[in-house]
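Written below as structure tokens is the structure these notes are about.
The values are calculated or read from the model by the stated rules, or taken from the named source; none is laboratory data. This is a predicted model, so every value here is computed, not measured. Methodologically, a virtual Cβ is constructed for each residue, glycine included, from the backbone with ideal geometry; neighbour enumeration extends over all protein chains shown.
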Amino acid sequence: MLEVLAIDHIVLRTTKLKEMLYFYTNILSCTIERETPVETGLTQLRAGNALIDLVVVNSRLGAIGGGAPTDTERNVDHFCLQIKSTPEQDIINFLKESGIEVGEFSSRYGAQGEGNSIYIKDPEGNSVELRCQI
């Protein structure tokens with residue numbers, strides 16, 4: 001039922017924002033697209049058709065993932081997949097019928113701008129955001 005079209009964004013947690021920004025902008029030529037450092041600790045970098053989100057660990061968003069990245073603490077917060085446009089309730093029904101725990105769709109900013117998405121967990125507990133193509 002779900003058809004993945006592309007990776008929308010990946011979220012990396014960091015304690016080294018300055019160094020991460022240098023690496024991704026000066027070495028990999030990403031550009032800063034959007035920053036909400038005060039509200040969320042988030043800097044979004046354009047990486048082709050996708051985004052790389054850098055989240056400061058001690059920010060509101062970063063704290064959700066636990067302590068700073070180490071060998072035993074998460075560094076990748078979640079990744080987002082763009083899926084083929086499908087009615088939201090059909091997606092929720094499909095996921096529930098497949099035994100996947102789901103919440104509600106919410107508007108979030110991604111590689112294609114604002115849009116509705118939903119979070120699920122894979123069998124290893126990784127957070128996967130599903131976002132309908134605009």
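Here are some notes:
- If you check Asp71, Asp90, Asp77 for being more than 18 Å from the chain's Cα centre (by Cα) and touching a residue at least 12 places away in the same chain (Cβ under 8 Å), only one passes: Asp90.
- From Gly103, Gly110, Gly125, residue being surrounded by 11 or more Cβ atoms within 10 Å (Cβ to Cβ), among the small types (Gly, Ala, Ser) and closer than 26 Å to Asn58 by Cα: Gly110
- Set Ile27, Ile83, Ile32, Ile64: member being among the β-branched types (Val, Ile, Thr) and buried (at least 18 other Cβ atoms within 10 Å of the Cβ): Ile83
- Figure legend. Inter-residue proximity from the stretch 1-29: first residues within 16 Å of Ser59 (Cβ to Cβ), second residues in a helix (DSSP H, G or I) and modelled with pLDDT of 90 or more, beta-carbon distance below 7 Å, spacing 6+ or different chains. Indicated pairs: Thr14/Met20.
- The residue that is nearest to Gln112 (Cα to Cα), among those in the stretch 10-33 that are touching a Lys or Arg at 6+ places or on another chain (Cβ under 9 Å) and assigned to a strand (DSSP E or B), is Glu33.
- In the set (1) assigned to a strand (DSSP E or B); (2) loosely packed, with under 13 Cβ neighbours inside 10 Å, Leu5 fails one condition alone, (2).
- Top-ranked residue of the stretch 35-61 - restricted to ones that are among the charged types (D, E, K, R) and at pLDDT below 90, ranked as surrounded by the fewest Cβ atoms within 10 Å (Cβ to Cβ): Glu39
This table checks each residue for (1) among the small types (Gly, Ala, Ser); (2) closer than 24 Å to Ile27 by Cα; (3) assigned to a strand (DSSP E or B).
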{"position": "Thr70", "(1), (2), (3)": "no, yes, no"}
{"position": "Asp77", "(1), (2), (3)": "no, yes, yes"}
{"position": "Asn116", "(1), (2), (3)": "no, no, yes"}
{"position": "Val128", "(1), (2), (3)": "no, no, yes"}
{"position": "Arg131", "(1), (2), (3)": "no, no, yes"}
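- Residue ID - nearest to Leu54 (Cα to Cα), chosen from residues in the stretch 94-109 that are in a loop (DSSP other than H, G, I, E, B) and charged (D, E, K, R): Glu104
- Listed by first and then second residue, the pairs linking a residue in the stretch 119-134 that is modelled with pLDDT of 85 or more to a residue that is assigned to a strand (DSSP E or B) and among the basic types (Lys, Arg), with Cβ atoms under 8 Å apart and 6 or more places separating them unless they lie on different chains, are Ser127/Lys121; Val128/Lys121; Glu129/Arg108; Arg131/Arg108.
- Residues in the stretch 34-48 that are over 12 Å from His9 (Cβ atoms) and outside any strand (DSSP E or B): Pro37, Val38, Glu39, Thr40, Gly41.
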